[in-house]
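Data block below; observations after.
Quick note: the coordinates plus some simple rules give every number you see, no bench work behind them. Everything numeric in this text was worked out from a predicted model, so none of it was measured. Glycine also receives a Cβ, built like all others from the backbone with ideal geometry; neighbour counts cover every protein chain displayed.
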Amino acid sequence: MNYLAPSILAADFCILGEQLDKVNKSGAEYLHIDVMDGMFVPSISFGMPVLECVRKRTGLFLDVHMMVAKPERYIEEFIRLGADGVTIHVEACDCIEQTLQKIRQLGAKTGLAINPDTPIEKVLPYMYLVDMVLIMTVQPGFGGQKYITKCLDKIKKMRSIVNDKYPNVKIEIDGGVRLENLKENLDAGADVIVTGSAVFKGDIDANIKNFMKIMG
Ligand code: DX5
Ligand code: ZN
């Protein structure tokens, strides 16, 4: 089963509510929320006030991607404001186990992300606490970048480990996914497809329909 997770990073924030209404009606299951702190990644995006507003406007699964140093500082607040899943980066957190446990205790799904240059072995010790592994397919920090092709092998490798040992864990990919490279990523084993610019730039309804056609 595959899921589409449009990323609001590429949305027009002047008309975010209207754009969310379109995503709500589109058949997408997740909404991806990219939180950037200017420390773990160079750019700063948005945080609590935006999450709080988005929660009021949608019932979609709010998939919060924390590109934040020491994300453990914000878990409680993000879940209180409506995050359904919280993904932390293996490179950004010194207490991964405790943080994942805390996310679960607070009733949300756990995600663990790795950057393109981080080997998948880094997430393996934590798999028993993980609902979703996020394999970054661009360097985190900006939307609209080009997909890094070497990541396809990581997705395939992760798919085989998940199938063998952790059949309930989802594999999410994030960055540079467009209609042209969607199929090869699905074939490699991705379950949750994040896409920002390919959905929000242009006609949102038509873009999502085109993704859904390929996702089946
Ligand atoms: C990048 C973010 C992505 C981004 C994807 O750091 O994590 O979620 O919004 O955007 P596109 O699909 O435009 O690469
Ligand atoms: Zn993201």
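For this structure, a couple of remarks:
- Boolean, Ile15 is of a type in the set (Val, Ile, Thr) and in a helix (DSSP H, G or I): yes
- Hey, Val35 within 14 Å of ligand 1 (Cβ to nearest atom) and assigned to a helix (DSSP H, G or I) or not: no
- Filter result for Ile173 (farther than 27 Å from Met212 by Cβ, buried (at least 23 other Cβ atoms within 10 Å of the Cβ), of a type in the set (A, V, I, L, M) and in contact with a Leu (Cβ under 8 Å, 6 or more places away or on another chain)): no
- Segment 62-71: number of residues that are free of Cβ contacts under 8 Å to residues at least 60 places away in the same chain and within 14 Å of ligand 2 (Cβ to nearest atom): 5
- Residue check: Val86 meets all listed conditions (1) in a loop (DSSP other than H, G, I, E, B); (2) in contact with a Gly (Cβ under 7 Å, 6 or more places away or on another chain) but one, namely (1).
- For segment 185-204, a residue qualifies if it is among the charged types (D, E, K, R) and surrounded by 14 or more Cβ atoms within 10 Å (Cβ to Cβ), and the qualifying residues are Asp191, Lys201.
For every residue, the table says whether it meets (1) within 16 Å of ligand 1 (Cβ to nearest atom); (2) surrounded by fewer than 16 Cβ atoms within 10 Å (Cβ to Cβ); (3) part of a strand (DSSP E or B).
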{"position": "Asp63", "(1), (2), (3)": "yes, no, yes"}
{"position": "Leu100", "(1), (2), (3)": "no, no, no"}
{"position": "Ile103", "(1), (2), (3)": "no, no, no"}
{"position": "Ile135", "(1), (2), (3)": "yes, no, yes"}
{"position": "Ile161", "(1), (2), (3)": "no, no, no"}
{"position": "Asp164", "(1), (2), (3)": "no, yes, no"}
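- Test: residue in segment 72-87 that is charged (D, E, K, R), in contact (Cβ under 8 Å) with a residue 40 or more places away in the chain and surrounded by 16 or more Cβ atoms within 10 Å (Cβ to Cβ): no
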